[in-house]
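Any read-out appearing in this document is the output of simple, stated calculations on the displayed coordinates, not a laboratory observation. Bear in mind the structure is a predicted one, so any value in this text is a computation, not a measurement. As a convention, Cβ positions derive from the backbone with ideal geometry for all residues, glycine included, and neighbour counts pool all protein chains shown.
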C-alpha cells in the first residue's frame, strides 16, 4: 500500500534543490559557461541576472516556485492515494 508524502518536507526539498540549481547556474554563467541556459533563466525568472544580487534574488524566486510546485505535487499525490483506498 502506498504511503503518504509529507507535503511540507517535499516542498522544502524542492525549494532547496531549485535554489541550489539557480546558484550553480549563476556561478557557471559568471564564468561564461552555459550561456544559453543563463539566457533562458533570465527570460523565465524576473529577478535572476548574473551578479551576486541577481543570483541571490533568482535563488529566492526559484525556491518559492520550487516549494509551491513540490508541495502541490505531494498534496495531489496524497489526495489520489487516499481516493484509491
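Per Stokes-Einstein, at 20 °C and 1.002 mPa s, what whole-number D in µm² s⁻¹ belongs to region 1-69, with the Kirkwood radius over Cα pairs as the hydrodynamic radius?
Diffusion coefficient, whole number: 172 µm²/s.
On a 0 to 90 degree scale, rounded to 10, what angle separates helix 35-44 from the longest Cα axis of the chain?
Result, in degrees: 60.
Mind checking the angle between helix 7-30 and the chain's longest principal axis? C-alpha axes, 0 to 90 degrees, to the nearest 10.
20 degrees
In degrees, nearest 10, range 0 to 90: what is the angle between the Cα axis of helix 52-83 and the longest Cα principal axis of the chain?
For helix 52-83, the angle is close to 20 degrees.
Ranked by Cβ crowding within 10 angstrom, fewest neighbours first, how are 8, 70 ordered?
In increasing order of surrounding Cβ atoms, one gets 8, 70.
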